[in-house]
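We did not get these values from a lab; they are worked out from the coordinates using the rules stated. As the structure is a prediction and not an experimental result, all values here were calculated from the model. Cβ atoms come from the backbone with ideal geometry, glycine included; neighbour counts cover every protein chain shown.
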Amino acid sequence: MARKLELAVLKLVKDVLGGDVQPTPSWLLRPGKAECRDRWPIICDIYAALTGLVLRETMPASERRIVDCVLKIGNGPSRIIEVDEKQHFNVYRSKTLRMYPDVPLAFEREQWISHSESRLRLEGGGFAKPKPPLFPGEFGRHQQRAFRDALADILPSVYGFLPTLRIADFEVTDWIESSDAPARMRELLQQRVRS
């Protein structure tokens with residue numbers, strides 16, 4: 001169900017905004033100290049707040065990740081687009097969002113914090129299992145997801161990207177399959193997307 005929602009959201013976003021899909025930028029695949037540039041100290045602080053550990057300067061191969069979509073419209077800068085399902089909202093995500101430096105975002109940070117803090121129960125199973133070596137403890141996958149989301153929000157401005165556009169499942173679930181979905185998505189994007 002989550003993948004179906006993600007694909008439907010991304011299709012509507014591309015239909016409304018146009019543009020060309022690009023691969024995840026190399027600096028976000030496995031961002032270590034070199035890729036984080038002047039944001040390295042805050043990235044280390046976020047990691048320590050999540051895990052109590054010290055972040056290594058080079059990401060291990062197992063930490064490679066891709067984002068949901070990268071969209072480039074015309075000659076303008078690229079933008080990362082992420083669809084956040086329920087597992088993206090929890091105490092770990094709230095913690096990272098509260099630590100953000102002053103970075104531009106294409107979503108309402110306070111709304112994401114509020115929704116994260118309202119989720120009192122963490123999903124178990126694959127959503128929570130340890131993800132060594134960086135996230136070896138209980139709820140490691142939740143910590144990893146929150147950390148990766150923070151990287152995708154904090155680093156784009158360093159590389160000349162537009163602010164990361166996040167769309168939450170709770171924003172679109174009620175209408176994503178309706179006939180007025182394109183108009184609803186256009187309205188949502190007009191509130192979020194500023195070049």
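If you take the residues in the stretch 159-195 that are charged (D, E, K, R) and within 14 Å of residue 5 (Cα to Cα), which one is surrounded by the fewest Cβ atoms within 10 Å (Cβ to Cβ)? Residue satisfying both the conditions and the ranking: 174. The set of residues in the stretch 1-38 being without any contact (Cβ under 8 Å) to a residue 40 or more places away in the chain, basic (Lys, Arg) and in a helix (DSSP H, G or I) consists of 3, 4, 11, 33. Being touching a helix residue (DSSP H, G or I) at 6+ places or on another chain (Cβ under 7 Å) and of a type in the set (Gly, Ala, Ser) is the filter; apply it to the stretch 85-125 and report the residue that is nearest to residue 166 (Cα to Cα). That would be 106.
If only one of 21, 13 is under 22 Å from residue 157 (Cβ atoms) and exposed (fewer than 15 other Cβ atoms within 10 Å of the Cβ), which one is it?
21
I'd like to verify a number: residues in the stretch 112-142 that are farther than 28 Å from residue 56 by Cβ and touching a strand residue (DSSP E or B) at 6+ places or on another chain (Cβ under 8 Å), how many? Going through the stretch 112-142 one residue at a time, the tally reaches 1. Note on the stretch 104-138: residues that are crowded, with 17+ Cβ neighbours inside 10 Å and either under 15 Å from the mean Cα position of the chain (by Cα) or more than 18 Å from residue 49 (Cα to Cα) (or both) amount to 7. Would you be able to say whether some residue in the stretch 139-152 is buried (at least 20 other Cβ atoms within 10 Å of the Cβ) and in a loop (DSSP other than H, G, I, E, B)? Yes, the stretch 139-152 contains at least one residue that is buried (at least 20 other Cβ atoms within 10 Å of the Cβ) and in a loop (DSSP other than H, G, I, E, B).
Within the stretch 73-89, the residues that satisfy the criterion of being crowded, with 16+ Cβ neighbours inside 10 Å and either in a helix (DSSP H, G or I) or touching a strand residue (DSSP E or B) at 6+ places or on another chain (Cβ under 6 Å) (or both) are 78, 79, 80, 81, 82, 83, 84, 87, 88. Of all residues in the stretch 94-122, those that are in contact (Cβ under 8 Å) with a residue 60 or more places away in the chain have Cβ atoms under 9 Å from Cβ atoms of residues that are acidic (Asp, Glu), 6 or more apart or on another chain, in 103/153; 105/153; 107/82; 107/84; 107/153.
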